[in-house]
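A.B. asks: Quick one: the structure is below, and I'll ask about it shortly.
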Amino acid sequence: MSNINFRNSSFLTSMDSFQKEPEKTLPMVMLVGRSNVGKSSLINALLSSRLAFSSKKAGKTKLVNYYTVDNRFYLLDTPGYGSTSYANLTTISFAKMMEDGLKKPNLKAIVLLLDLRRDIGKDDLEFIHYLQRSGKPLIVILTKVDSMNQKEKSLARKRAEEAGISRYLESELTGKANEKIREVIASYI
Ligand code: GDP
């Protein structure tokens with residue numbers, strides 16, 4: 001059990017680049033993933049809140065959202081890549097945002113969400129390798145595992161292995177799975 005109380009959390013602010021930062025510097029953990037992968041759901045599950053839905057208004061999709069967790073660290077929600085022209089992996093502004101974020105000394109870990117009910121695309125692979133090369137700890141979470149049958153689960157695990165991902169957590173949005181994810185995140189703070 002970590003001694004960080006994830007339930008003691010609040011939405012702090014949104015920033016349009018990593019060149020701006022909240023006044024108070026805290027360790028940061030950044031969530032990244034394709035649009036619709038389940039980022040907001042995971043934030044809400046981890047923080048036992050509805051914060052991610054309430055802050056997810058139109059126009060905020062290009063922004064980095066900061067959640068303060070127990071006054072100990074910032075959980076950062078980044079634009080979901082893939083569907084919008086802004087957050088296309090080849091878009092300079094998105095690439096620049098990632099590059100600036102990965103340079104931050106207080107960025108302690110990256111949480112990459114993957115929905116492996118579908119195949120990993122070439123763009124996902126490039127992004128995974130880019131994150132791996134950054135040298136920051138990478139926590140991979142397979143989302144929506146609760147909606148998979150055994151066959152789909154095996155296929156998802158096979159896809160992860162084929163992408164060179166040997167260690168990952170599985171998110172089921174249940175108490176036990178969330179606690180494990182909280183523990184792993186807390187271990188990097
Ligand atoms: P985001 O765009 O990455 O923030 O994705 P959302 O959190 O908004 O989730 C997209 C859709 O997937 C929603 O309909 C969620 O209810 C669903 N979803 C997200 N996470 C899970 C999960 O772990 N299990 C299941 N079954 N559905 C999920």
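A.B. asks: Does any residue of segment 135-145 turn out to be assigned to a loop (DSSP other than H, G, I, E, B), at pLDDT 90 or above, under 21 Å from Gly175 (Cα atoms) and within 16 Å of the ligand (Cβ to nearest atom)? Talk me through it step by step, then tell me what you get.
C.D. replies: Restricting attention to segment 135-145, the residues satisfying the condition of being assigned to a loop (DSSP other than H, G, I, E, B) are 135-137, 143-144.
Narrowing the set further to residues that are at pLDDT 90 or above leaves 135-137, 143-144.
Going one step further and asking which of them are under 21 Å from Gly175 (Cα atoms), we end up with 143-144.
Next, only the ones that are within 16 Å of the ligand (Cβ to nearest atom) stay: 143-144.
Yes; the residues of segment 135-145 include at least one that is assigned to a loop (DSSP other than H, G, I, E, B), at pLDDT 90 or above, under 21 Å from Gly175 (Cα atoms) and within 16 Å of the ligand (Cβ to nearest atom).
A.B. asks: Would you call Ile120 touching a residue at least 40 places away in the same chain (Cβ under 8 Å) and β-branched (Val, Ile, Thr)? Talk me through it step by step, then tell me what you get.
C.D. replies: Working: touching a residue at least 40 places away in the same chain (Cβ under 8 Å): yes; β-branched (Val, Ile, Thr): yes.
Against the criterion (touching a residue at least 40 places away in the same chain (Cβ under 8 Å) and β-branched (Val, Ile, Thr)), Ile120 qualifies.
A.B. asks: Still on this model: If you scan segment 158-189, which residues turn out to be within 16 Å of the ligand (Cβ to nearest atom) and charged (D, E, K, R)?
C.D. replies: Of segment 158-189, the ones within 16 Å of the ligand (Cβ to nearest atom) are 160, 168-182.
Those that are within 16 Å of the ligand (Cβ to nearest atom) and charged (D, E, K, R): Glu170, Glu172, Lys176, Glu179, Lys180, Arg182.
A.B. asks: Next question. Mind listing just one residue for me: the one in segment 1-48 that is among the charged types (D, E, K, R) and either over 16 Å from Ile185 (Cβ atoms) or in contact with a Phe, Trp or Tyr (Cβ under 9 Å, 6 or more places away or on another chain) (or both) and, of those, surrounded by the fewest Cβ atoms within 10 Å (Cβ to Cβ)?
C.D. replies: In the first step, residues of segment 1-48 are kept if they are among the charged types (D, E, K, R); the result is 7, 16, 20-21, 23-24, 34, 39.
Those still in the list that are either over 16 Å from Ile185 (Cβ atoms) or in contact with a Phe, Trp or Tyr (Cβ under 9 Å, 6 or more places away or on another chain) (or both) too: 16, 20-21, 23-24, 34.
Details: Asp16: 12, Lys20: 9, Glu21: 17, Glu23: 6, Lys24: 9, Arg34: 23.
Here the residue is Glu23.
A.B. asks: Check segment 169-188 and report whether any residue there is closer than 21 Å to Ser14 by Cα and touching a strand residue (DSSP E or B) at 6+ places or on another chain (Cβ under 6 Å). It would help to see each step written out before you state the result.
C.D. replies: The first filter runs over segment 169-188 and keeps only residues closer than 21 Å to Ser14 by Cα, leaving none.
The answer is no, given that none of the residues of segment 169-188 is closer than 21 Å to Ser14 by Cα and touching a strand residue (DSSP E or B) at 6+ places or on another chain (Cβ under 6 Å).
A.B. asks: Just one of the numbered conditions (1) in a helix (DSSP H, G or I); (2) surrounded by fewer than 16 Cβ atoms within 10 Å (Cβ to Cβ) is not true of Ala160; which one?
C.D. replies: For Ala160, the failing item is (2).
The values are calculated or read from the model by the stated rules, or taken from the named source; none is laboratory data. Every value quoted in this text rests on a predicted model; they were computed, and no experiment measured them. Quick reminder, even Gly has a Cβ in these numbers, built from the backbone with ideal geometry, and neighbours come from all protein chains shown.
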